[in-house]
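The structure under discussion appears below in the form of structure tokens.
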Amino acid sequence: MFVPCDRGGGSAAPDFKGFTLLMPAVSVGNVGQLAIDLVISTLDMTKVGYFYTDCLVPMVGNNPYATAEENSTELSINAEVYSLPSKKLVVLQIRSPFIKNKYRPFCETLLSWVKSSKCARVVLLSSSHAYQRDDEQLLGTPLRYLLTPDLEKAVGGRIQELNWKEMEKVAAYPGISDTDKVLHIPGGGITKLLFTESCSEGIQMAVLLKFCSEGDNIPDAFVLVNYLNEWLQLIKSEVNPSSLWKIPSSWRLLFGNGLPPALF
Amino acid sequence: MATFFGEVVVAPSRAGLDEEEEAREETPEDREIRREIEKKREIDVLWTWQSGGCAEEPLVCSRFIVAIGRNAAAFLSSFILDSVCWEVVGVVKLWNEWCRTSSTTNVLPTDSFCLFYRLISDPTVLLCQCSCYVAEDQQFQWLEKVFGSMQKKGLQVTILSTCPVADYKTQESTLTLASPFLKALKTKEFQEQVCCPLLEQPNIVRDLPAA
């Protein structure tokens, strides 16, 4: 699945042992993916490889993080891996939706790659439909987290200090009072599947998600990436943290082209 | 979501995963139906030199030109292909909701087809005209089966395709843009001169040309 970039000089495949894998779920508003774009762009991360997979719709374009003419011509595809060894961070960006019936094989292959590359933990950025919130969730912060039991042991204390809110479980059968509570992440794509699989396979995984709706999700991405930063401290955040994230050049024209002057 | 002019547009869920799809466990009947559909959607690549029992040698290919879509296929028919210099060497047989191709090599320009031609004077030059739509779940299979038959060392691949001008993202309006126009994407291994400007971000290519 993972194909390392040919960096020339016979360099060995990158080593992710002990690294934190940061990745998005393709979810409502694409918030996770936008947040990952901000991380890769701001930290100027180097591409170290890609996933050769038949599970995602194919796409290709030129470098979405280009800052100048010289670095704008590197091809970019639907699932790429970037790394920043100084922060022991490896980031997977997913740029297209899943092909029907292929999300399960993708999750299986992904988790087995996580285990074989010996990543210490996985942080999944995701989102959930805001309109599905219950009365209590409508008040207060729209941000939630989840930790697998193995990660809870490792960082539970730190998360408590941050005063974060855990994603609530909902009744399996709404309306019936004494029913089991289950995890429900509507609009979250593969979030729930990855999380439940990680729990049962002993993988240390954290899910950070935001309640949102489709629309201009750039502000949601900023909120989510700042939330992530409270914990992982990827950038210094004493001053206004939002101003420190660098918007990639590919975010231009998200809502269409310029208007024809003849219209007016 | 609301657009520029304030009208509300129903945006399909970008989560890409239906709730029911996620929650429902597959019954044996579902699995059987899914397997049958997968078999029906399988792609067959038939080369003219293949006959039963013959060991398949990988095709030696130096240049492979692929024209995807009716416009690109028509371009090749109008300007490149003729029965004197090119011979048909293969065909792709597939079915999906949008089209069906057959294993016949005698096609009309209005048919959906996917044919391979070889330059008679230089048999390492291969050309593919793919006017049929290859569905999302078939694109990877197409790729593996076609390129799987080829020896890829020193191979140069050129992909020709078209996109509507309305899909092109640019600062100005596409109304005032001089069209048609050419844009290109190239791998870093491609060292030759490209005949047109490179495709700028945030434009992307998808489907079979991207695969």
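Read-outs throughout are calculated quantities, based only on the coordinates presented, and are distinct from any laboratory measurement. None of these values were measured; they are calculated from a predicted model. A quick note on method: Cβ atoms are made from the backbone with ideal geometry, for glycine too, and the neighbour counts reach across all protein chains shown.
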| query | Considering the range A:144-264, what Rg and Dmax in Å follow from its alpha-carbon atoms? | reply | 19.0, 63
| note | Scattering profile of the protein assembly as shown from the Debye formula, Cα beads only, expressed as log10 I(q)/I(0) at q = 0.09, 0.11, 0.13 Å⁻¹, is -0.71, -1.04, -1.36
| query | Along the charge dipole of chain A, Cβ charges K/R +1 and D/E -1, which of A:Cys199, A:Gly175, A:Ser127 sits furthest on the positive end? | reply | A:Cys199
| Where in the range B:156-192 does the amide nitrogen come within less than 13 Å of the point 7 Å from the Cα of B:Trp98, taken along Cα to Cβ? | B:162-164
| query | What list of ³J(HN,Hα) values in whole Hz, one per residue of the range B:105-114 in order, does the Karplus curve 6.51 cos²θ - 1.76 cosθ + 1.60 (θ = phi - 60°) give from phi, with Gly and Pro shown as x? | reply | 9, 9, 10, 8, x, 8, 6, 8, 8, 9
| Which of the listed residues, A:Tyr82, A:Gly32, B:Trp98, is farthest toward the dipole's positive end in the protein assembly as shown, when Lys, Arg count +1 and Asp, Glu count -1 at the beta-carbon? | A:Tyr82
| Taking amide hydrogens as modeled 1.01 Å from N in the peptide plane, which residues meet the under 5 Å criterion relative to B:Leu160, leaving out close sequence neighbours? | B:Val66, B:Ala67, B:Ile68
| Mean projected area in nm² (Cα convex hull; one quarter of hull surface) for chain A | 18.1
| query | Which Rg and Dmax, in Å, describe the Cα atoms of the range B:90-163? | reply | 13.0, 38
| task | Let me have the relative contact order for chain A, percent, based on Cα pairs under 8 Å that are six or more residues apart. | result | 27
| remark: At the level of C-alpha centres, the distance separating the range A:199-226 and the range B:129-183, in angstrom, is 33
| message | Can you tally the net charge around A:Ser112? Count Lys and Arg as +1, Asp and Glu as -1, for every other residue whose Cβ sits under 11 Å from the Cβ of A:Ser112. | response | -2
